[in-house]
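Data first, discussion second: the structure below is written as structure tokens.
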């Protein structure tokens, strides 16, 4: 077992974990934060994206042990976050979600785009989103939502 | 509309934002894999490592015997048998755990149970299975050969089902002097909803009932299957679909893992969870498409299409899926191939073969993406042959609006629409003339431009008569909805279909709003629970909005009448003086809120009138369109692509859609479904392929080798709507959930062939990967060089 000291959504957590336990399984099964979803478990689909020390990571291919000492933000941890509030509203208004399964990872990735690339255009947004798969929407609403938040934040 | 008024325009036709969004945006959706109970166990399956073999032995590792189960350890668990009354259809069993023989790589052979999935997988890895390997048959055409290995030993061949219809082509022989022959193949895919299958089973001793939460589109059909194959009474099974992360067809079927979970939770007396991982999804379930076409089109030199003659082969894989069977795909191919066109002669043979691959499942559009691909590609081949624009051929041959309703040559009863108009609009939107002008100008980077289109007509919400003619185990009847006024004037709406992305918690509430004038925010829609909702065959065949929506309207109308009686009494006026408007009972004397009606019925029944309907303020009503032959949605898609001649890489530059799904309930949702469907079609056209080698080993088992469309592959679609209400359905609504995906492979394939026509090359097999495009170009060049030499 590996001792783990981690901060998830502002809460300090100490735990013993198996070295092979993924961060995603730790978040979902041990911490019961089930908003982080698993779509492929091999780091392609992006549904499990969370912030680790402010940067998006695939929690399915990140070992919980590797996250020792880090700050993790999951979809449940953005309630006071302005860009996330803007994105949630924009996703709602642009029909950027259907089944909702990719949505948490998509929002975390989108937050990274709107905060890191304030001047991103449609092509850049699409490129940045290429690591997050959505099977329902055809990406139309998602891209429009992100572009609208970028625009909002430029004013 | 005749019924009531809408609250702030939130009824039919309004772009109401979705009620289901808030929980998903907060990460508070509740999916099956989110369930966790004290004492629960997880399952991991030992799956066949070979495609075709007799099982010689299964050796359980010492010390773990209690945690491993083979078919022999699960007495009473019956194999799935999907019934079909189609003439000549060969029935077969699909065992939940392989019994004696495995027929595809990935087939469940044993199940291991432990406290975590990781531990269960550890045990699974220690199980030793010895196989006596048999030759495998993995190609649908090879499967038909007399010396092909038999997938099912008790059959004399590998053909599970055939259809055949003949016609007299002599009647068109004089006129039809142009004959176009082509061979097309749409390869195998996997559906890939972002949430795979998941199941959570628990035996409730108090109710003496199996409780199963499962990621399904059809909870009531799953209940039927569980009861039948687990040998339980129906009262002993309750199935609940919580949030479901996409379905697209694969979740309209009973899976072996559901049966095993249902069996083991009772046997082991603990909750059982199984979460399909992506590899399991890609290689063992959800396989789909895979058609082959040998098509001959008979036409006139001026582009009239007179006769269609086609041999269709469908690769059904090893097993027949419950309850839709593996016969549906071929039957639907036969009935849909002529599309929206008015042929004089139609001859078709379909043969559905079994192979050592996972059973074929009905995927969004079911057979129609394949037939549309074959038909529409052939039209463009004719266009190139006779030097006409393909859209002119389409418009010339489509069933005209003036002929509606119209019985097509394939016996489809078209209800309404102006098919040719959709072609015209799509051609305008894509700017065909401009594209043609630009095609003459070579680009610096060696890319060439192509434009193409595809049109289809889709039977949706077809009912009893259609399904009973297919003879499958499930035949939809009267769809029911239950509405119940709450004591505070809200509305509970219960429907047996299931919403897994279609936004029915919103659109069904809009239906209630349309009739009662109640704000959709005050309507609670419950779906996907056999314990709470009326029976329904569920969500498939683009049926839910027509069927459950229609039932909702009917139930709301009866509720309205009952509330009017109470309201009239409270206002001391005649029944004829009141009506429902804006969520109230109104008369010349005043108004009574729904909350007041609810208060009187539930809390102060002493104030009820004598003539009150004793059924109260809860109503269940059934609905079926008459005729129930289906509401026919149609659309034309057009696209512009660029093609890199050196690499064979295709990029979609522009994509337009003109669709007509009758009366639109929520345009935002219709567009969302259309864009999503079209993007799945782009996957079919350019990216997705479930490869198997000649031994039946899957070659695409991760998202690294199974290519899904990402945001960089999808264009910013442009869409326009037509609205031709169906004369046969409530409010003229037609189904539309599947349509977006149907013509995309054809539209893109036609655009590629348009670009390639200067080289004389043609692609005829999906996906049009760079390798296939390059091969087509090289073949054309070799041909030309051969001719020159």
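Taken together, the values in this text are just the output of simple stated rules run on the coordinates, not laboratory data. Every value quoted in this text rests on a predicted model; they were computed, and no experiment measured them. Neighbour counts run over all protein chains shown; Cβ positions are idealised from the backbone, glycine included.
Across the residues of B:27-40, average count of Cβ atoms on other protein chains within 10 Å?
Taking the mean over all residues of the peptide, I get 4.
If I model a spin label as a point 7 Å beyond the Cα along the Cα-Cβ vector, how far apart are those points for residue B:775 and residue B:65 in nm?
Placing both labels 7 Å along Cα→Cβ, they lie 5.2 nm apart.
In square nanometres, what is the average projected area of the Cα convex hull of the stretch B:608-754?
15.4 nm²
Please sort B:723-736, B:214-227 by packing, taking for each peptide the average over its residues of neighbouring beta carbons within 10 angstrom, highest first.
B:214-227, B:723-736
Need the full-extension length gain, residue B:782 to residue B:91, defined as separation in residues times 0.36 nm minus the C-alpha distance. One decimal, nm.
Between residue B:782 and residue B:91, full extension yields 244.1 nm more.
How far is helix A:82-93 tilted off the main Cα axis of chain A, in degrees rounded to 10, range 0 to 90?
Approximately 60 degrees, to the nearest 10.
Relative to the compact globular guide of 2.2 N^0.38 Å, what is the alpha carbon radius of gyration of chain B, as a ratio?
Relative to the rule-of-thumb radius for its length, chain B sits at 0.99.
In degrees from 0 to 90, rounded to the nearest 10, what is the angle of the helix A:103-116 Cα long axis to the longest principal axis of chain A?
Roughly 70 degrees, rounded to the nearest 10.
Arrange the following residues from fewest to most other Cβ atoms within 10 Å of their Cβ: A:103, B:766, B:464.
B:464, B:766, A:103
Taking 22 Å as R0, compute the FRET efficiency from the Cβ-Cβ separation of residue B:626 and residue B:468 and round it to 0.05.
Working from the Cβ atoms, E equals 0.90.
Report, as a whole number in µm² per second, the diffusion coefficient that Stokes-Einstein gives for the stretch B:457-533 at 10 °C and 1.306 mPa s using the Kirkwood radius over alpha carbon pairs.
Calculated translational D: 113 µm²/s.
Based solely on its DSSP helices, what 222 nm [θ] is calculated for the protein assembly as shown when runs of n ≥ 4 H residues each add -39,500 (n - 2.57) and the sum is averaged over all residues, nearest 500 deg cm²/dmol? Display every interim value, and only then the final one.
Working: 22 runs with 256 residues, N = 944.
Mean residue ellipticity, 222 nm, calculated: -8500 deg cm²/dmol.
For an R0 of 22 angstrom, estimate the FRET efficiency from the Cβ-Cβ distance between residue A:11 and residue B:118 and round to the nearest 0.05.
On the way: r = 25 Å, r/R0 = 1.14.
Efficiency, from the Cβ-Cβ distance: 0.30.
Among B:701, A:59, what is the fewest-to-most ranking by other Cβ atoms within 10 Å?
With the fewest neighbours first, B:701, A:59 line up as B:701, A:59.
Note down the nm distance, to one decimal, between modelled labels 7 Å out along Cα→Cβ at residue B:296 and at residue A:155.
6.5 nm
How far apart, in nanometres, would the label points at residue B:574 and residue A:121 be if each is projected 7 angstrom from Cα along the Cα-to-Cβ direction?
Between residue B:574 and residue A:121, the label points sit 7.0 nm apart.
Any idea what the relative contact order of the stretch A:82-154 is, in percent, if you count C-alpha pairs under 8 Å spaced at least 6 apart?
It comes to 49 percent, rounded to a whole number.
For the stretch A:2-77, what does the relative contact order come out to in percent, with C-alpha contacts under 8 Å and a separation of six or more?
41 percent
In a solvent-free Debye calculation with one equal scatterer on each Cα, what is log10 I(q)/I(0) for the stretch A:56-155 at q = 0.11, 0.21 Å⁻¹, listed in the order of the q values?
-0.32, -1.09
FRET efficiency for residue B:384 and residue B:599, Cβ-Cβ distance as r, R0 = 56 Å, nearest 0.05?
That pair, residue B:384 with residue B:599, gives E of 0.20.
Taking the Cα centroid of the stretch B:635-651 and of the stretch B:517-576, what is the distance between the two, rounded to the nearest whole Å?
After rounding, the separation between the Cα centres reads 47 Å.
For a footprinting-style exposure proxy, rank B:232, A:51 by other Cβ within 10 Å, fewest first.
The order, fewest Cβ neighbours first, is B:232, A:51.
For chain B, calculate the relative contact order in percent as a whole number, restricting contacts to Cα pairs under 8 Å that are 6 or more residues apart.
Details: 2012 pairs, mean separation 131.2, N = 789.
Relative contact order, chain B: 17 percent.
If packing is taken as the mean number of other Cβ atoms within 10 Å per residue, what is the order of B:304-315, B:141-152, highest first?
B:304-315, B:141-152
Computed over the Cα atoms of the stretch B:49-132, what is the ratio Rg over Rh, Rh following Kirkwood? Let's see the in-between values first.
Values: Rg = 14.9 Å, Rh = 14.2 Å.
Answer for the stretch B:49-132: 1.05.
For the protein assembly as shown, go through all pairs of different Cα atoms, get the mean of 1/r, take its inverse, and jot down that Kirkwood value in Å. Mind dumping the intermediate values first?
On the way: mean 1/r = 0.0345 Å⁻¹.
Evaluated on the protein assembly as shown, it is 29.0 Å.
Counting residues in the stretch B:393-509 as N, plug N into 2.2 N^0.38 Å and put the Cα Rg over that result.
Output field value: 1.70.
Given 20 °C and 1.002 mPa s, compute D for the stretch B:687-789 with the Stokes-Einstein relation, Rh being the Kirkwood radius over Cα pairs; round to the nearest whole µm²/s. If you can, show how the numbers build up before the last one.
On the way: Rh = 17.5 Å.
D, rounded to a whole number, is 122 µm²/s.
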